[in-house]
Amino acid sequence: MEKDDLYRSLMVRITELENELAGKEREVIRMRYSFLSEISHEFRTPIHAIMGFSELMTNENLSAEDREEYIIYIQECCHNLLDMFEQMTDSAMAESNDLKLQEQEMDVNELMCDLYQLFRIQKHRMEKYSVVLLLDSPENQEPLWITADPLRLRQVLGGLIGNALKLSQKGIVEFGYDISGESDLRFYVSDSGQGGLAKAGQLLLENYSRSGYSLRSLTNDSGFGLKITKAIIDAMQGKVWVEPNALNGSTFSIYFPLHKTQKNMRTTDIGCDLRKVI
């Protein structure tokens, strides 16, 4: 009888494992379908735009001004496609825990100035004339040198600022940093766009992929950006979350352990006023 009981117990466990495996297989199929659906949606629009404008350029009577405008559209679509490929690569690396960091000494204030100059130009390209771009930092802040991956940190902050500009039709987009005590460095990006992004964004950051909240319905974004942001920040031993703000928009906050370098003992002038508005 003991052998029969052991056999029945073993068969029950095998059945449970088979059911669990079948459930996992169905989830993989669902995720694969969802992924392909997202990719198809995101790729179709720029590809159709490239095809359409390329066909228009075959018109011999096309003016030089229109031709130049169509070339700009095609170039922008190509850049969008390249960005999506890079996001897919980063996403795959994040899923396989193969996201590598190249840490080095960097000046936080210099990074903030570079991002400000970049998005000041981008704001005009996007014709966001009713949006005020703000860059803020602690008062009387001297050059702040930290050890981090400058390219990845720029990718994270640039992605959040770019999304904030896309979401805000008017109002304010503000970004900057502050220091909490002597241990935490906080970056933040605030906007007056769609406040509903805060809830959907937090769910994505927490990896609730089956939550029913979709960035596409709010921002026409596949969600790759936030997932990659979370992976990069985790790799940098930081924390990120998003919450609604008083502007009816969202505020993303990123906390990193503050590890200053020896260069903080020096005084340098990077030629940028961090109290700027445009």
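Looking only at region 104-127, decide whether some residue is closer than 23 Å to residue 241 by Cβ and either in contact with a Lys or Arg (Cβ under 6 Å, 6 or more places away or on another chain) or of a type in the set (Val, Ile, Thr) (or both).
Yes - at least one qualifying residue is present in region 104-127.
Would you say residue 51 is assigned to a helix (DSSP H, G or I) and modelled with pLDDT under 85? So that I can check it myself, show each step before the final result.
Working: assigned to a helix (DSSP H, G or I): yes; modelled with pLDDT under 85: no.
Considered against the rule, which asks whether it is assigned to a helix (DSSP H, G or I) and modelled with pLDDT under 85, residue 51 comes out as no.
Looking at the structure I just gave you, is residue 84 outside the structural domain of residue 236 (by TED's automatic domain parsing), over 27 Å from residue 151 (Cα atoms) and modelled with pLDDT under 85?
Criteria not met by residue 84.
The values are calculated or read from the model by the stated rules, or taken from the named source; none is laboratory data. None of the values given here were measured: they were computed from a predicted structure. Neighbour counts are summed over all protein chains in view; Cβ atoms, including those assigned to glycine, are modelled from backbone coordinates with ideal geometry.
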